[in-house]
Amino acid sequence: MNMLIYLIPIALLMGAMGLLAFLWSLKSGQYEDLQGAAWRVLADDENEPTP
Amino acid sequence: MTCCDLNTESVLAMSATSFSAEEIALVSHPLGDGLRQLDLSVPDVHCGACISTIERALSALPYVTKARVNLTSRRVTCIYRQEFDKQTTDPTGIILAINSAGYRAHLFTPIASENDTTRNQLLLAVGVSGFAATNIMLLSVSVWSGADAATRDMFHWISALIAAPALVYAGRFFFRSAWNALKHGRTNMDVPISLAVTLSYAVSLWETMHHGEHAWFDASVSLLFFLLIGRTLDHVMREKARAAINGLARLAPRGALLLMRDGSRHYIPIEDIAVGDEVAIAAGERIPVDGTILSGESDIDLSIVTGESSPVAVAGGSQVSSGAMNLTGSLVVRATKLAKNSLLAEIINLMEAAEGGRARYRRIADRAASLYSPAVHLLALVSFLAWGFFGGDWKHAMLVAVAVLIITCPCALGLAVPVVQVVAAGELFRKGVMVKDGSALERLAEVDTVAFDKTGTLTIGVPRLVATTALDDRFIAKAKGLAVHSRHPLSQALARSGGPAPTPFDRVSEIPGGGLQACRAGETYRLGNAAFADPTAASPSDDSPFSEVVLSRNDEVQARFLFEDTLRPGAREAVDELNLRGYETVIVSGDRQSVVDSTALVLGLDKALGALGPQQKVEECQRLSANGHRVLMVGDGINDAPALAAAHVSMAPATASDIGRQAADLVFFNERLEAVPQAIAVAKQAAKLIRQNFALAIGYNVLAVPIAIAGYATPLIAAVAMSTSSIIVVTNALRLNTLGMHQRRERTMTTTREVNAA
């Protein structure tokens, strides 16, 4: 019973972190172009500074 | 190298409408710090290679600071500096860069309602309800697996605390819609949903306060979660279609060159053109407002306005209407109407008056709800009274009634329709057909008559040489040599046709409204309409289905060329398939009756009506529906827009006028007309699956309701029953996808077989 006192807040906190991550991804426009994002993974990044 | 290597030259040839720097400045908007943002629609981007090609091409321009392609909406957002190296930037370079990379680029004005706030709100609500549902379900599982009374109470309280804000936040879409329906004395699916969710929360809270054993917090929140997923999918599907359709080229001009009294010229937006203003229109531009021609002669293409397939000659004093394309000469037009009162505005009035099938139609889900919710509410009331009077325990009676409401809450019913429609719309999207909303699919499945417009729909508005009579091949070569100098569609068709190589001419003059004229070795050659080439001939009769071009040498006719409009690819197959399946097919066209008759004969349509104005097309649609037919109207022109709105359901090709695309329920992007029977087939399949899903959802209720009435519906049973029924309904909807795959496989197999046989 006693462990519930910290286990439940931990569970809720983890859920809330997931929710916050989702909110962040929504806000930073990651759902604007789902198809494009899938392709961009494969493209070479050209703006990368050459060493 | 990729799926979509386009030929740069052909793209440059296609983009007949080049944009001026002033026009681009009108649609771009300032961001501050001397930066401007320009949004362009690039309908041809398909894959990752397209993205990097365009972004690389734009980033190479010195004044572009940022360029980003959005593949989902097929758009480019380009941010550029207004001034670079102390010079004003010429933004036409942006469009040129995209064109020379091999893509078409169109300007478009972002529509305010198009922004994604609703979508983001829905996604947010899905996130919040998902968070609440998973946490509460976690707590419920420990309750079901036998927590002791104190722990159970604590878990119930935590669930109540999580559920309350989630219900208010995520449930507001349903509550609002239910309240709206009730306010207008109607009922929809959201009424039983809202009722079940709020009641189950209230009863659970009451139970929790009294240390009761059963709480339904998990049921009420996961219900919202499932339903929100359905609603979000539905919304995303419509947004996707709308973005694709809005991104197409706009046919209406955005601005015009105004002639000032002192002789200077100014480029102004068309809204600012006043009655009496004089506007210069170059060859190749569209006419911005209704007006009278002051000076200049030209041929104008009215195909998008009236459906007339052959160009009309105009001169000083002629009336011209907005939307027509000026083909051969420059014109000065005096505006007789404001842009907002022009032909387009009259058409919009007609459309509003004609608003037919769409406005009257009630969605399947709402029709089902109008039967379902009274039945369910009555059932709950009856079980409440029965348990109260016969059992004597009113508290238990209340619990049973709430259990009935929760069990019958149309979770599966609420998913049954949107999921099928999203899957069907996705299937059509892959075939190049955009569906604007789910109700269009429902209406499309009911169709029994298909009405086609001719010009631009059954035909593609490009003339094709069908017959040549010439004394000698040399004259054909001469005619082609003359024809290459003109942008008149008949001349271009002649120049494109096969046969001898064109004879070069040095000095060719184009006489607008007549044809082309040139001198060679002391002889005068003329190519054009019969009256121009051969002034001595009698005026030709107008009932031939063909357009004629004549070549004369020193006023003597040497060759005649007959043209007809090219049929849209797949038109014959599409009409054959529709006839085979027993649909009635009709042409309603604004073109001459003889032309319409010959098209109907070639394609095998049942009925051909020509020379119809926009109002008459509407009347024809209304007459058909008065006779009990459900009409699918397929059309593209400005003159078709009222009929598209009046028909039960409507379709337009992507090349249609803006207003035609706005009016249509479905827009098809591929050239081929087979999109029409394909869309009907998918819609029918979807309708069948929706009926199956309803049967499944109601069958589930028939099983579960007696358990609830008997008082055995514990939260565990409710949760299991609800989730399984939702999963079954979604799985059934996904069968539409596999069906499409089967068809594709069959088609590949038949083609392989044909290839093998050949």
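Taking amide H as placed 1.01 Å from N in the peptide plane, the amide H of B:A608 sits under 5 Å from that of B:I587, each at least 5 places away or on another chain.
Using all C-alpha to C-alpha distances in region B:8-110, build P(r) with 10 Å bins and read off the rounded percent in each one. Per 10 Å bin, starting at 0, the Cα pair percentages come out as 16, 52, 29, 3.
When peptides B:485-497, B:447-459 are sorted by average Cβ neighbour count within 10 Å, with the highest value leading, the order is B:447-459, B:485-497.
Site pair B:V462 and B:Q615 shows an inter-label distance of 3.7 nm when each label is modelled 7 Å from Cα along Cα→Cβ.
Ranking of B:D90, B:D218 by neighbouring Cβ atoms within 10 Å, starting from the fewest: B:D90, B:D218. An ellipsoid equivalent to region B:460-565, defined through the eigenvalues of its Cα gyration tensor, has semi-axes of 19, 16, 13 Å when rounded to whole angstrom and sorted largest first. Of the Cα atoms belonging to the protein assembly as shown, the radius of gyration and Dmax stand at 32.3, 116 Å. In plain terms, the residue of B:M137, B:M209 with the fewest other Cβ atoms within 10 Å comes first and the most crowded comes last, giving B:M209, B:M137. Couplings 3J(HN,Hα) for region B:686-703, derived from phi with the Karplus relation 6.51 cos²θ - 1.76 cosθ + 1.60 (θ = phi - 60°), are 5, 4, 5, 5, 5, 4, 4, 5, 4, 4, 4, 5, 6, x, 4, 5, 4, 6 Hz, where x marks Gly and Pro. Amide H of B:F84: which non-local residues (sequence gap of 5 or more, or other chain) have their own amide H closer than 5 Å, using H built in the peptide plane? Sorted by chain and number, the residues that satisfy this are B:T89. Under 5 Å between amide hydrogens, built in the peptide plane, is the criterion, and for B:R672 it picks out nothing among residues at least 5 positions away or on other chains. Principal semi-axes of the equivalent ellipsoid, √(5λ) from the alpha carbon gyration tensor of region B:255-353, are 21, 18, 10 Å from largest down. Convex hull of alpha carbon positions in chain B: directionally averaged projected area 42.1 nm². A crude spin-label estimate for the pair B:A375 and B:A345, with each label 7 Å from Cα along the Cβ direction, gives 5.2 nm.
A simple rule links phi to the HN-Hα coupling: the Karplus curve 6.51 cos²θ - 1.76 cosθ + 1.60 with θ = phi - 60°, which for region B:597-603 gives 4, 5, 5, 4, 5, 4, 8 Hz, with x for Gly and Pro. Reported value for region B:632-675: 53 Å³ per residue, from the convex hull of its C-alpha atoms. Stretched out straight at 0.36 nm per residue, the stretch from B:Q492 to B:E83 would grow longer than its current Cα-Cα span by 143.2 nm. Computed over region B:438-489, the P(r) curve from all C-alpha pair distances, binned at 10 Å from the origin, holds 16, 27, 21, 14, 12, 9 percent per bin.
The equivalent ellipsoid that matches the C-alpha gyration tensor of region B:588-687 spans semi-axes of 20, 16, 15 angstrom, in descending order. When Rg and the Kirkwood radius Rh are both evaluated on Cα atoms of region B:51-155, their ratio Rg/Rh stands at 1.40. Extending 7 Å from the Cα toward the beta-carbon at both B:E556 and B:Q692 defines two label points whose distance is 7.5 nm. Based on C-alpha pairs under 8 angstrom that are at least 6 apart in sequence, chain B has a relative contact order of 12 percent. Each of B:L605, A:L7 was scored by other Cβ atoms within 10 Å of its Cβ. Arranged with the fewest first, they read A:L7, B:L605.
Since every read-out is calculated from the coordinates, none of them should be taken as a lab result. Source: prediction; values computed, not measured. For neighbour counting, all protein chains shown are included, and Cβ atoms are generated from backbone atoms with ideal geometry for every residue, glycine included.
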